[in-house]
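**Q** Sharing a structure with you now.
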Amino acid sequence: MATFKDFRNKVKPNWCPGCGDFSVLAAMQRAFANVGLEPHDVAIVSGIGCSGRISGYVNAYGFHGVHGRALPIAQGLKLANRGLTVIAAGGDGDGFAIGMAHTIHAIRRNVDITYIVMDNQVYGLTKGQTSPRSEMGFKTKSTPHGSIEAAINPMEMALTVGAGFVAQSVSSDLKQLTHVIEEGIKHKGFSLINVYSPCVTYNKINTYDWFKEHLVNLDDDPNYDPADRSMAMQKLMENNGLVTGIIYQNKERKPYEDMIKGFKETPLSKQDIMLTREQFDKLVAEFA
Amino acid sequence: MIKQLSWKVGGQQGEGIDSAGEILATALNRKGYYLYGYRHFSSRIKGGHSNTKIRISTSPVRSISDELDILVAFDQETIDLNAFELIEGGIILADAKFNPAVPEGISARLLAVPFTKIAEEVGMAQMKNMVAVGASAALLGISVDAFQEVIEERFARKGQKIVDKNMEAISRGVEFVISEVGDISNFKLEPSDGKKRLYMIGNDAIALGAVAAGARLMAAYPITPSSEIMEYLIKRLPEFGGTVVQTEDEIAAITMVIGANYGGVRALTASAGPGLSLMTEAIGLAGMTETPAVIVNTQRGGPSTGLPTKQEQSDLLAMLYSTHGEIPKIVIAPSTAEECFYDTIQAFNLAEQYQCPVIILSDLALSLGKQTVEPLDYDRIKIDRGKLVLDDEELPELENSELFPRYEFTPDGISRRVLPGKKNGLHHVTGVEHDQTGRPSENPVNRKKMMDKRLSKLANGIQFEEPVFLDAKHEEADLLIVGFCSTRGTIHEAMERLEAEGMKVNHAHVRQVLPFPTDIMAEQMKKAKKVIVVENNATGQLTNLIKMHVGMAEKLVHIGKYDGNPFLPSEIYKQCKELFVHGHI
């Protein structure tokens, strides 16, 4: 059985020292091993940006695509081979700016993949511009007088559009982060995991210390019930989205693959594709 | 008795015009006649003038004609808009209900038939279209029995009573016309050869081709004039374990297709110009990552939203060049419904053989024009997955977290492709420049080698069955007429007329646009004094492409049309003729 070390490769990440994404990488590797996966069972589809490089840092199959489109690539891959564990990963710009439509529709569609957003509330790879996750007033190169646009609250948004699995964690809590990724993988259907992954270079506001001070860990609340959607929404609103843990999980909803008429357990990619003469004749008869 | 004629039915959109044309055509196709049907419609669901023109012939036809023999009108607007097309001695069958009148200067004969009244007597006013079918059949000399099977299939689920009523409506239409004009009509068709053939639109043929090619996933966003491909596959793919995903936009569609092909299933998307514009970045990703992908573009009037329901061929250069950077890409352009079927199968093979995106370029007239197709041949369906590592092939152990050389340098530039999930096949895929295992690399030596590797895949040509359709019997020709996509039949008819007048005319229809078949075109162009390029666009895109690849600019003449309508044979004929009259040839 594979251990987390089997998911490591020899590529040295090009992230800044102290970047939150290192923890996400480590948590992913641990989670894969903990749920009993082998490297060839896993495919990571990532977007563009600092975080998008993550697919190249895991010893597994990796697809580094175009900006904002990790989700449709990942869904196409999962539909082609439902036997794979498919992880989509990227940054907050990828998921909540250029790719926001895909995020919402992937949630609605509910294909059984896990989406990990490394949310640093800033654009790092382009050297520090505002992100849809930047708080109002946040000063960057593109917002020298402070952002005048409201920040998106991705967890509330996900609940609103009907997500079946919504979790949030932070890079400084490797244990919880690993746990929520494991649960996301095990969840049947689309799971959204937003990770506060601090940018040590371009975000001097939302730092490790800042999160330590502001985050509320739902795991510490014995009365919190992740099956209760309205409680989830209330908690998010009360804390301006700054909570960690599994925020909401609906175990009843079937994944997309299980709802497609005629869709088989055998992955599409492994099925015989040549029609028989009889099948062909029947198809052609429609046009006679 | 005549060999061929044109029949048109028109009225308000949603009045049963389509089904009148459909039923008449299907019955005639089954009797062994050759047909070509073209719908004139607007971007709305109900209301607005709409018509369907059907060419009926005892020999193959692939074009609408200049003339019209029979016009069936459900309103005066239909007569006012279309009567000018009628030949001397043509006939208008119009619903007596609206007191039809023939516009001044039109010599056609008007026969007012109580379509609505008869339909009401039979039981339902909306069956007026079936009365019209009967009235038309009487003129053509087609017996009522010819419709029995078609009507049964079409209305069976509504019960025998409805079948009978529709048949009665047809019979009453026949009877009325015979009682008015007698059993003598100038439009009686000569007997057909009685052979069984198919009758389908290009989009049906593309969709059927995709199923036959083993495509099992489609991701698409609805758009005119491509949606029929999606509709067909929504109906049929589940029977073969596959599915269609209607995505949030065309970017999601193409990237889902890329993900699915990467995962090992043959997947496609289909759209028109606006969708293709959105897809261009991702097409570059497919080229860079050497991922197969099949994309159908059913061209319509552009730019922007343009003319969504009208014919144009103005996406040609965009399909070749719209992606940033330089990638290997194949663009093929079928010109008949039959070719739509076989070319789609080839497209999936090419995409996997050369590991690159393949665009099937159609146009509205080909995608929606309905034509007789010779029986499709099961034995011509071949599936070739190129250098795909098969499921049962064992790969050598990867030591020490090494990676599989997915982008290995090879003599033909094509590397072995392994699917995710395969043991010992681990590798990376990225749109960033990469080394042989898919790891990002900015090394200039590697960069150049990788660019050369990708581009070399197509550098020596591709294995495509018919890069140029040729009807070129003259070693020394006055004219070579060149076209692509739906203009095939129209050019053929213009050519026949020119030849009848003693001109020597060859015809070349470009079917493989990229890589461009330079040698074949150069050889044909050398034989001709002038080369006429017929294309539905304003700027002469194919003309310029030929100029770029072949040269011989002094021989090239561009004939363009971009008013939204397909060419008529007479338009091509006249413009070619003028070149003679003015001494250019």
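Every read-out reported here was derived from the displayed coordinates using simple, explicitly stated rules and does not represent laboratory data. Computed from a predicted model, the values in this text were never measured in an experiment. Here Cβ is always computed from backbone atoms with ideal geometry, including for glycine, and neighbour counts include all displayed protein chains.
**Q** Could you run the Debye sum over the Cα atoms of chain B, one equal point scatterer each and no solvent, and tell me log10 of I(q)/I(0) at q = 0.06, 0.13 Å⁻¹, two decimals?
**A** -0.35, -1.32
**Q** Given 37 °C and 0.692 mPa s, how large is the Stokes-Einstein diffusion coefficient of the stretch A:56-114 in µm²/s, with Rh as the Kirkwood radius over Cα pairs?
**A** Numbers: Rh = 11.7 Å.
Answer, rounded: 280 µm²/s.
**Q** May I pose another question? Going by average Cβ neighbours within 10 Å, how do the peptides B:208-219, A:263-274, B:422-433 rank, with the highest at the top? Working shown, then result.
**A** Values: B:208-219: 26.2, A:263-274: 16.2, B:422-433: 20.8.
Listed from highest to lowest mean packing, they are B:208-219, B:422-433, A:263-274.
**Q** Something else: Among the lysines, select those whose C-alpha is under 24 Å from the C-alpha of residue B:453, and discard any that sit fewer than 8 residues away in the same chain.
**A** List returned: B:329, B:387.
**Q** Using a 10 Å cut-off around each Cβ of peptide A:258-269, what is the average number of partner chain Cβ atoms that fall inside? Mind dumping the intermediate values first?
**A** Values: counts 0, 0, 7, 4, 7, 5, 2, 0, 1, 6, 12, 13.
The shielding value for this peptide is 5.
**Q** What does the charge count near residue B:191 come to, summing +1 for each Lys or Arg and -1 for each Asp or Glu among other residues with Cβ under 11 Å from its Cβ?
**A** On the way: positive: B:3, B:31, B:188; negative: B:190, B:193.
Within the 11 Å Cβ shell, the charges total +1.
**Q** Where does each of A:70-79, B:61-70 land if you order them by average Cβ count within 10 Å, highest first?
**A** In descending order of packing, they fall as A:70-79, B:61-70.
**Q** What net charge is computed for the residues neighbouring residue B:105, neighbours being all others with C-beta under 15 Å from the C-beta of residue B:105, Lys and Arg scored +1, Asp and Glu -1? Please report the intermediate quantities before stating the final value.
**A** Working: positive: B:109; negative: B:80, B:85, B:88, B:104.
Value of the local net charge: -3.
**Q** Could you tell me which of the pairs B:195/B:561; B:8/B:97; B:46/B:370; B:31/B:235; A:261/B:46 are separated by over 26 angstrom between their Cα atoms in the structure shown? Mind showing how you got there, number by number?
**A** Numbers: B:195/B:561 36 Å; B:8/B:97 19 Å; B:46/B:370 22 Å; B:31/B:235 28 Å; A:261/B:46 32 Å.
Pairs exceeding 26 Å: B:195/B:561; B:31/B:235; A:261/B:46.
**Q** Kindly work out what percent of the DSSP beta bridges joining two residues of chain A are antiparallel, to the nearest 5. Intermediate values should be presented prior to the final figure.
**A** Working: 6 of 33 bridges.
For chain A, the DSSP antiparallel bridge percentage is about 20.
**Q** Quick one: order A:196, B:262 by neighbouring beta-carbon count within 10 Å, fewest to most.
**A** Details: A:196 27, B:262 30.
In increasing order of surrounding Cβ atoms, one gets A:196, B:262.
**Q** I'd like the Karplus ³J(HN,Hα) series for the stretch B:162-172: coefficients 6.51, -1.76, 1.60, θ = phi - 60°, whole numbers in Hz, and an x wherever there's a Gly or Pro.
**A** 5, 4, 4, 5, 5, 5, 5, 4, 5, 4, 5
**Q** In µm²/s, what is D for the stretch A:110-194 at 4 °C and 1.567 mPa s, where D = kT/(6 pi eta Rh) by Stokes-Einstein and Rh is the Kirkwood radius from Cα pairs?
**A** Values: Rh = 14.2 Å.
Reported coefficient: 91 µm²/s.
**Q** What is the spin-label model distance, in nm, from residue B:80 to residue A:150 if the labels are put 7 Å beyond Cα along the C-beta direction?
**A** 5.3
**Q** Here is a follow-up. Taking amide H positions as placed 1.01 Å from N in the peptide plane, with prolines and chain starts having none, which residues 5 or more places from residue B:556, or on another chain, fall under 5 Å of its amide H?
**A** B:531
**Q** Can you tell me how the stretch B:200-380 classifies by the Cα gyration tensor, rounded, prolate or oblate, using a/c under 1.5 as the rounded cut?
**A** On the way: a/c = 1.37, a/b = 1.06, b/c = 1.29.
Verdict is rounded for the stretch B:200-380.
**Q** While we're here: Can you tell me the orientation of helix B:227-236 relative to chain B, as the angle in degrees between its alpha-carbon axis and the longest Cα principal axis, to the nearest 10?
**A** So the inclination is approximately 80 degrees.
**Q** Between the helical axis of B:145-155 and the dominant principal axis of chain B, each derived from Cα atoms, what acute angle in degrees is found, rounded to the nearest 10?
**A** For helix B:145-155, the angle is close to 60 degrees.
**Q** Okay, moving on. Determine the percent antiparallel among the DSSP beta bridges restricted to the stretch B:216-349, to the nearest 5. Each step should come with its number before you reach the end.
**A** Values: 1 of 11 bridges.
DSSP beta bridges in the stretch B:216-349 are roughly 10 percent antiparallel.
**Q** Sorted by average packing, counted as other Cβ atoms within 10 angstrom per residue and highest first, what order do B:126-137, A:136-147 take? Don't jump to the answer; show the numbers that get you there.
**A** Numbers: B:126-137: 26.8, A:136-147: 13.5.
Packing proxy ranking, top to bottom: B:126-137, A:136-147.
**Q** Next question. In the neighborhood of residue B:276, defined by Cβ-to-Cβ distances under 10 Å, what is the net charge if each Lys or Arg adds +1 and each Asp or Glu adds -1? Write down the numbers at each step before the final one.
**A** Details: positive: none; negative: B:250, B:315.
Net of charged neighbours comes to -2.
**Q** Right, here's the next one. Which value at 222 nm does chain A reach when only helices count, each DSSP H run of 4 or more adding -39,500 (n - 2.57), with the total divided by all residues and rounded to the nearest 500 deg cm²/dmol? Show your work: numbers first, answer last.
**A** On the way: 9 runs with 85 residues, N = 288.
That calculation yields -8500 deg cm²/dmol at 222 nm.
**Q** Using alpha-carbon positions, what is the distance between the centroids of the stretch B:480-548 and the stretch B:147-175, in Å?
**A** Spelled out, the Cα-based centre of one part sits 46 Å from the other.
**Q** Which residue fluctuates most in the GNM of chain A (Cα springs below 10 Å): A:114, A:126, A:276?
**A** So, out of A:114, A:126, A:276, the one fluctuating most is A:276.
**Q** How would you classify the protein assembly as shown from its alpha-carbon gyration tensor, with a ≥ b ≥ c the square roots of the eigenvalues: rounded for a/c under 1.5, else prolate if a/b is greater than b/c, otherwise oblate? Before the final figure, lay out the partial values.
**A** On the way: a/c = 2.34, a/b = 1.76, b/c = 1.33.
Since a/c reaches 1.5 and a/b is larger than b/c, the shape of the protein assembly as shown is classed as prolate.
**Q** Volume per residue, Å³, of the convex hull around the alpha-carbon atoms of the stretch A:152-288? All intermediate terms of the calculation are to be shown ahead of the outcome.
**A** Values: hull volume 26.6 nm³, N = 137.
Dividing the Cα hull volume of the stretch A:152-288 by its residues yields 194 Å³.
**Q** Residue by residue through the stretch B:522-534, which ³J(HN,Hα) values in whole Hz follow from phi under the Karplus form 6.51 cos²θ - 1.76 cosθ + 1.60 (θ = phi - 60°), with glycine and proline marked x?
**A** 4, 4, 5, 5, 4, 6, 10, 6, 9, 10, 9, 9, 9
**Q** Can you list the HN-Hα couplings for the stretch B:287-294, worked out from phi with the Karplus curve (6.51, -1.76, 1.60; θ = phi - 60°), rounded to whole Hz and with x for Gly and Pro?
**A** Working through the residues one at a time gives x, 5, 8, 6, 9, x, 7, 10 Hz.
**Q** Oh, and also: Can you list, bin by bin at 5 Å, the percent of alpha carbon pairs in the stretch B:425-535, starting at 0?
**A** In whole percents, the pair-distance histogram is 2, 11, 17, 15, 11, 8, 7, 7, 7, 7, 5, 3, 1, 0.
**Q** Which whole-angstrom value gives the distance between the alpha carbon centres of the stretch B:194-211 and the stretch B:417-460?
**A** Comparing the Cα centres of the stretch B:194-211 and the stretch B:417-460, I get a distance of 39 Å.
**Q** Based on the Cβ-Cβ distance of residue A:209 and residue A:143, what FRET efficiency does E = 1/(1 + (r/R0)^6) give at R0 = 25 Å, to the nearest 0.05?
**A** Once the sixth-power term is evaluated, E becomes 0.65.
**Q** Starting with the fewest neighbours, write out B:277, B:107 ranked by other beta-carbon atoms found within 10 Å of each beta-carbon.
**A** Working: B:277 16, B:107 11.
Starting with the residue having the fewest Cβ neighbours, the order is B:107, B:277.
**Q** Next question, about the same structure. Per the helix-only calculation at 222 nm, which mean residue ellipticity applies to chain B, given -39500 (n - 2.57) for every DSSP H run of n ≥ 4 and division by its residues, nearest 500 deg cm²/dmol?
**A** So the calculated ellipticity at 222 nm is -11500 deg cm²/dmol.
**Q** A follow-up question, please. Please arrange A:64, B:509 by how many other C-beta atoms lie within 10 Å of their C-beta, fewest to most.
**A** Taking fewest neighbouring Cβ atoms as first place, the list is B:509, A:64.
**Q** If you don't mind, there's one more thing I want to ask. Can you tell me which aspartates and glutamates have their Cα less than 13 Å from the Cα of residue B:422? Leave out same-chain residues fewer than eight positions away.
**A** A:38, A:41, B:391, B:392, B:393, B:394, B:397
**Q** How big is the convex hull of the Cα atoms of the stretch A:207-258, per residue, in Å³?
**A** Working: hull volume 5.7 nm³, N = 52.
Dividing the Cα hull volume of the stretch A:207-258 by its residue count gives 110 Å³.
**Q** Kindly identify the stretch A:4-262 as rounded, prolate or oblate by the Cα gyration tensor criterion: order the square roots of the eigenvalues as a ≥ b ≥ c, call it rounded if a/c is under 1.5, otherwise compare a/b with b/c, prolate if a/b is larger, else oblate.
**A** Values: a/c = 1.43, a/b = 1.16, b/c = 1.22.
Rounded shape, in that the Cα axes give a/c under 1.5.
**Q** Compute the long axis of helix B:444-459 from its Cα atoms, compare it with the longest principal axis of the Cα atoms of chain B, and write down the angle in degrees, 0 to 90, nearest 10.
**A** Between helix and principal axis, roughly 30 degrees.
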